[in-house]
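Asks: This structure is in structure tokens; I'll ask about it shortly.
The values are calculated or read from the model by the stated rules, or taken from the named source; none is laboratory data. Note that this is a predicted model, so its numbers are computed, not measured. Cβ atoms come from the backbone with ideal geometry, glycine included; neighbour counts cover every protein chain shown.
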Amino acid sequence: MKKVMFMVNSLNGGGAEKVLQTLLSHLDYSKYDVTLYSMHRENIAEMDYPDWIHYKVVFDHYDAKNAVSLQIQNLAERIKGKLFTILPSKLFYSIFFHEKFDVEVAFIEGESTKIISGSTNKRSEKYAWVHIDLQQNPWTAFLYKNDKDEKRHYDAFDKIFCVSESVRSAFLNKYGVVPERVAVQYNPIDRIEILQKAKSPCDVKEKTVFRMIAVGRLVNQKGFDRLIEIASKLRNDGFEFEILILGEGDDRPGLESLIRQLALQDIVHLLGFRANPYSIMATGDLLVCSSRSEGFSTVVTEGVILGLPVISTDCAGIHELFGLSKCGIITENSSEALYEALKSVLSEPNQLVDFRSAAVERGKYFSLTNTMRAIENILNS
């Protein structure tokens, strides 16, 4: 049985994290002894992770029996966090990681990649996953001195897997890594589970106007601020519609303020994180992806599987996701272009009929079995 370690920055809320849940839920546990690390302790029992995995954290927090003990333990973790920012990756890893694994996977760019790049386990295979176009959205830059330093950390991995061809192309352009070391591995998507969960009852009001759905973490990358501003313009144009946004994140207070400022409380609704978003998504007339950057959008893939027409900004992976199908409209990645596309479908909603039919057919393309076979081949190599 192979000992495999997966490390992620967080367990909650994002597309990459949902992909990891699907991946771990469908691994053959008779072949793999899996340990899952996250940066901080989270309530894994309330998430859809299988109970056979071992869960550990990089930076822990404690429920100590007395205040003094709690202060000492939490101070130790703050010191550990500081050491992460100043110590070379190999030294940090050698101090805090002692268990030996056959395979070590940094399943998302950022902190996980930096830590695993310092692995002192000479016999393990080391793999890095990249879920986003790092040229367009260089969010990991704060962890490194410069691009050359970040490349040096990626050079420690045996193989790097990008979630789309466009993410791979951007990665090669940015870091100049030897192309043979960078491959494309599409995300596992459980089509059957999505369709089953979509049939569950949902707690949103019955639809009375055209309903747009948007899903994702409430962060700048997802572009919900510009979607809300577009909603104001469309309202002023005289269109009747509503937008349901599913997700949580640090930008919630700012988005709530923007909704109030534009008097959109009856039109734009922030519904928070839902463990099962599919039953709500299935009530929509249209899925909107307003992202400033993506890698291979899990949400758009799920929307296509549900047969939802899609309007998306032009991000990495979207053209690959659509294939030759006309599932909707891919716009230039700007507020004005997204506004014009939404105005178009609100003006002529009949065009959505063909988009929906194309989405239903395209959704049949996503095979969990084939993707999981490819991932197990990676772990077995």
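Asks: Quick one: which of LYS174, LYS199, LYS205 is among the charged types (D, E, K, R), outside the structural domain of ALA231 (by TED's automatic domain parsing) and either surrounded by fewer than 21 Cβ atoms within 10 Å (Cβ to Cβ) or under 18 Å from PHE157 (Cα atoms) (or both)?
Replies: After ruling out the rest, the residue left standing is LYS174.
Asks: Of the conditions (1) within 18 Å of PHE366 (Cβ to Cβ); (2) modelled with pLDDT of 95 or more; (3) in contact with a strand residue (DSSP E or B) (Cβ under 8 Å, 6 or more places away or on another chain); (4) surrounded by fewer than 24 Cβ atoms within 10 Å (Cβ to Cβ), PHE322 satisfies every one except a single condition; which number is it?
Replies: (2)
Asks: Name the one entry in SER38, SER10 that is within 21 Å of HIS131 (Cα to Cα), crowded, with 18+ Cβ neighbours inside 10 Å and not aliphatic (A, V, I, L, M).
Replies: Testing whether each residue is within 21 Å of HIS131 (Cα to Cα), crowded, with 18+ Cβ neighbours inside 10 Å and not aliphatic (A, V, I, L, M) leaves just SER38.
Asks: Just checking, does segment 204-223 include any residue being in contact with a Leu (Cβ under 8 Å, 6 or more places away or on another chain) and assigned to a helix (DSSP H, G or I)?
Replies: No: zero hits.
Asks: Could you check segment 242-257 and list, in sequence order, the residues that are farther than 17 Å from LEU342 by Cβ and not acidic (Asp, Glu)?
Replies: Scanning segment 242-257 gives LEU246, GLY247, GLY249, ARG252, PRO253, GLY254, LEU255, SER257.
Asks: Then there is this: Does segment 197-240 hold any residues that are in contact (Cβ under 8 Å) with a residue 40 or more places away in the chain and at positive phi, and which are they?
Replies: GLY216, GLY223
Asks: Check segment 131-152 and report whether any residue there is crowded, with 21+ Cβ neighbours inside 10 Å and over 19 Å from the mean Cα position of the chain (by Cα). Explain how you work it out, then say what you get.
Replies: Taking segment 131-152 first, the residues crowded, with 21+ Cβ neighbours inside 10 Å are 131-134, 150.
Then keep just the ones that are over 19 Å from the mean Cα position of the chain (by Cα); that gives 150.
Yes, segment 131-152 has at least one match.
Asks: Report whether or not LEU270 is part of a strand (DSSP E or B) and either surrounded by fewer than 21 Cβ atoms within 10 Å (Cβ to Cβ) or in the same structural domain as SER164 (by TED's automatic domain parsing) (or both). Please lay out each step first, then the result.
Replies: Working: part of a strand (DSSP E or B): yes; either surrounded by fewer than 21 Cβ atoms within 10 Å (Cβ to Cβ) or in the same structural domain as SER164 (by TED's automatic domain parsing) (or both): yes.
In short, yes.
Asks: Let me ask something else about it. Please go through segment 85-103 and give me each residue that is modelled with pLDDT under 90 and hydroxyl-bearing (Ser, Thr, Tyr), ordered by number.
Replies: Listed by number, the list holds a single entry, THR85.
Asks: Hey, another quick one. Taking the condition in a helix (DSSP H, G or I) and surrounded by 14 or more Cβ atoms within 10 Å (Cβ to Cβ), does SER312 pass?
Replies: The answer is no for SER312.
Asks: Find all pairs meeting these conditions: Cβ atoms under 8 angstrom apart; at least six residues apart or on different chains; first residue within segment 99-113 and under 11 Å from GLU125 (Cα atoms) and outside the structural domain of VAL57 (by TED's automatic domain parsing); second residue assigned to a loop (DSSP other than H, G, I, E, B) and of a type in the set (S, T, N, Q).
Replies: Nothing qualifies.
Asks: Scan segment 17-64 for residues that are in a loop (DSSP other than H, G, I, E, B), over 18 Å from MET372 (Cα atoms), at pLDDT below 85 and not aromatic (Phe, Trp, Tyr) and jot them down.
Replies: The answer is ARG41, GLU42, ASN43, MET47, ASP60, HIS61, ASP63, ALA64.
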